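A.B. asks: Quick one: the structure is below, questions incoming.
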Amino acid sequence: MSHSARPFGELSRVSLITAKILSYPTALAGLALAIASLGLTWEGLLEWNGAIQHATAIIASLLLLPILIKFVLKPSLFFKELAHPVAGAMLPVITMSIMVMAKSLADIEQNLAVVVSFSAFVIQIALFVAFSYQRYQDFQLTQLIPCWFIPPIGLALFVVVAPIALPQTLKAIILYGALIAYLMLLPLIVYRLYTYPIPAELKPLLAIMATPASLILLGFLVSGLPLTITLMAPLTLLALVMTIAVYFALLSLLKLPFSPSYAAFTFPLVVSATALFSLKGFLQEQVSGSRWQILANVLPNLELIIATSMVLYVAACYIKHYTLTRA
């Protein structure tokens, strides 16, 4: 009797594991992206022979793998999320995470990293096109929230983390395309946020407002494209204003009950800190004066501490919610 019962028990365990994977929150890709990106930033500062970025890339890959398995097991879930005005905008976070992890992979296997990174970039373009088509078919102003920045502007991350040198023309197309998309979407999203209330479960996504200006700024700073103070000053100011606004918003957002969208608190702060570190060299070349030097030296470190603390806090919230509370 025990022998006949064993297959049913094993089947039950497989079904349980499958059910857990299918219920795995796609939003965790945001935390994976933040962890992998944070590892690159800390590695650049401490230079531990790649140990930090490789460790964080492994952690990020472990967080991301169940999401990929979920969509392989049930592709209909992928298409359902793609058609959703919020979940569809968040899907490119997966490819963004893969691009960042490929940057670390390049230290071990350059050719594989190039294939992975370019594949993720192409898939992200496809996600952007598909999302744009879906929203064009059924556009409603009330659906316009900060995560809509991700599909077009997230492409700028490829310029930052590409494992090989990209053609300058491609960099320019990506970055100026992201800048144009930002300038088009920003007034619309701000108008929507002031006109219509945002549901409580989506409020954590407000933190994404800090991402676009910082990511575009970082892209230009690392691109090698000709830079002018006329371009960089407004971008820097906008990045700082948006980040500070998100800091203040977090005072109330962190009081909200935990939800998977808490992951949106992480990457915006990480990319903002990373952009400021890259800005230091530009300021030293373009602007003189002790006050600017103090600004360039203090702010990046302060933002990195805040970003690191937020990533650790959100990770702890996930662990508490998905493990300790279910023990």
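A.B. asks: Given 176, 194, 182, which one is on the phi < 0 side of the Ramachandran plot and modelled with pLDDT under 95?
C.D. replies: Checking each option against the conditions leaves just 194.
A.B. asks: Looking for something in a helix (DSSP H, G or I), of a type in the set (Gly, Ala, Ser), in contact with a Lys or Arg (Cβ under 9 Å, 6 or more places away or on another chain) and farther than 20 Å from residue 179 by Cβ - is there at least one such residue anywhere in the range 284-306? Reasoning before the result, please.
C.D. replies: To start, the set of residues in the range 284-306 that are in a helix (DSSP H, G or I) comprises 284-286, 290-306.
Subset that is of a type in the set (Gly, Ala, Ser): 290, 296.
In the following step, the residues that additionally are in contact with a Lys or Arg (Cβ under 9 Å, 6 or more places away or on another chain) were identified as 296.
From what is left, the residues that are farther than 20 Å from residue 179 by Cβ are 296.
Looking for residues that are in a helix (DSSP H, G or I), of a type in the set (Gly, Ala, Ser), in contact with a Lys or Arg (Cβ under 9 Å, 6 or more places away or on another chain) and farther than 20 Å from residue 179 by Cβ, one finds at least one in the range 284-306, hence yes.
A.B. asks: Let me ask another. Quick one: which residue in 74, 20 is in contact with a Leu (Cβ under 8 Å, 6 or more places away or on another chain), surrounded by fewer than 16 Cβ atoms within 10 Å (Cβ to Cβ) and either of a type outside the set (Gly, Ala, Ser) or at pLDDT 95 or above (or both)?
C.D. replies: The conditions single out 74.
A.B. asks: Please enumerate the residues belonging to the range 177-209 that are over 21 Å from residue 85 (Cβ atoms) and either surrounded by fewer than 15 Cβ atoms within 10 Å (Cβ to Cβ) or small (Gly, Ala, Ser) (or both).
C.D. replies: The initial filter retains those residues of the range 177-209 that are over 21 Å from residue 85 (Cβ atoms), namely 177, 179-180, 183.
Within the range 177-209, 177, 180, 183 qualify.
A.B. asks: Still on this model: If we only count helices (runs of 4 or more DSSP H) wholly inside the range 96-207, which ones have 2 or more residues that are over 17 Å from the mean Cα position of the chain (by Cα) and of a type in the set (A, V, I, L, M, F, W, C)?
C.D. replies: 110-137, 168-195
Results for (1) over 22 Å from residue 247 (Cβ atoms); (2) out of contact with any helix residue (DSSP H, G or I) (no Cβ under 7 Å at 6 or more places or on another chain); (3) of a type in the set (A, V, I, L, M, F, W, C); (4) without any contact (Cβ under 8 Å) to a residue 60 or more places away in the chain, shown as yes or no for each residue.
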position: 141; (1), (2), (3), (4): yes, no, yes, yes
position: 145; (1), (2), (3), (4): no, no, yes, no
position: 150; (1), (2), (3), (4): no, no, yes, no
position: 153; (1), (2), (3), (4): no, no, yes, no
position: 166; (1), (2), (3), (4): yes, no, yes, yes
position: 181; (1), (2), (3), (4): yes, no, yes, yes
position: 184; (1), (2), (3), (4): yes, yes, yes, yes
position: 204; (1), (2), (3), (4): no, no, no, no
position: 217; (1), (2), (3), (4): no, no, yes, no
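A.B. asks: Okay, next question. Restricting the search to the range 210-241, which residues are surrounded by fewer than 24 Cβ atoms within 10 Å (Cβ to Cβ) and of a type in the set (Phe, Trp, Tyr)?
C.D. replies: Those that are surrounded by fewer than 24 Cβ atoms within 10 Å (Cβ to Cβ) and of a type in the set (Phe, Trp, Tyr): none in the range 210-241.
A.B. asks: Same structure again: Would it be correct to say that residue 171 is closer than 26 Å to residue 232 by Cα, basic (Lys, Arg), surrounded by 14 or more Cβ atoms within 10 Å (Cβ to Cβ) and without any contact (Cβ under 8 Å) to a residue 60 or more places away in the chain?
C.D. replies: Here the answer is yes, as residue 171 does meet what is asked.
A.B. asks: Separate question: In this structure, is residue 253 under 11 Å from residue 279 (Cβ atoms), in contact with a helix residue (DSSP H, G or I) (Cβ under 9 Å, 6 or more places away or on another chain) and touching a residue at least 40 places away in the same chain (Cβ under 8 Å)?
C.D. replies: no
The values are calculated or read from the model by the stated rules, or taken from the named source; none is laboratory data. As the structure is a prediction and not an experimental result, all values here were calculated from the model. Positions of Cβ are backbone-derived with ideal geometry, glycine not excepted, and every protein chain shown enters the neighbour counts.
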